[in-house]
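Each remark here refers to the structure printed beneath this line.
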Amino acid sequence: MNRFVKWALATVAVVVILVFGAAILLPRFVDPNGYKSYISDVVFNETGKELFIAGNIEWQMFPVPGLSVSDMALTEPGESVESAIVSIGEARVAMELMPLFRKQLEIGRIELNDMSVNITAADSPLSGIIVRDANIRLVPVNQ
């Protein structure tokens, strides 16, 4: 076999082993639940709304890396979870794989299951709209 082909196959094998090794080891050493308060703080600083994450944040490694979050609610400051603007039973976020090799994070797909939206602000043109138990899948459009 050609020397170049041997090196190319060895390189591909090492990359595959590293990717699968990371997929197995990352969930063991990094607990995403430790970031719940940080995520809630970022949402509050950016939107002025409070985000409650009652469920777990879990790694999803196959077929692409991502996270799954359950039982979330977005509320006005000081309001209860029962009067949430948006509540989501489960959210799944999948990352694009190739940008990770360039140290970039790109979202490839977002799924929102059991989502309820309640818009009651009088000054909103959408006031009075209530959506219950919606399932939404957001995927990038190929250009």
Quiz item: For segment 65-94, what are the residues that are open to solvent by less than 30 Å² (accessible area, probe 1.4 Å), over 30 Å from LEU25 (Cα atoms) and assigned to a loop (DSSP other than H, G, I, E, B)?
Solution: ALA84
Quiz item: Which members of segment 27-44 meet the condition of being farther than 23 Å from LEU74 by Cα and surrounded by 13 or more Cβ atoms within 10 Å (Cβ to Cβ)?
Solution: PRO27
Quiz item: Within the bounds of segment 105-113, is there any residue that is over 19 Å from SER40 (Cα atoms), of a type in the set (S, T, N, Q), open to solvent by less than 70 Å² (accessible area, probe 1.4 Å) and in a strand (DSSP E or B)?
Solution: yes
Quiz item: Among the residues of segment 36-55, is there at least one that is at pLDDT below 90 and outside any loop (DSSP other than H, G, I, E, B)?
Solution: no
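The values are calculated or read from the model by the stated rules, or taken from the named source; none is laboratory data. This one's a predicted model, so the numbers in the text were calculated from it and none came from an experiment. Cβ: placed from backbone, ideal geometry, glycine included. Neighbour counts: every protein chain shown. Surface areas here come from the heavy atoms of the whole protein model, side chains and all, with no ligands, DNA or RNA. Shrake-Rupley method; radii C 1.70, N 1.55, O 1.52, S 1.80 Å.
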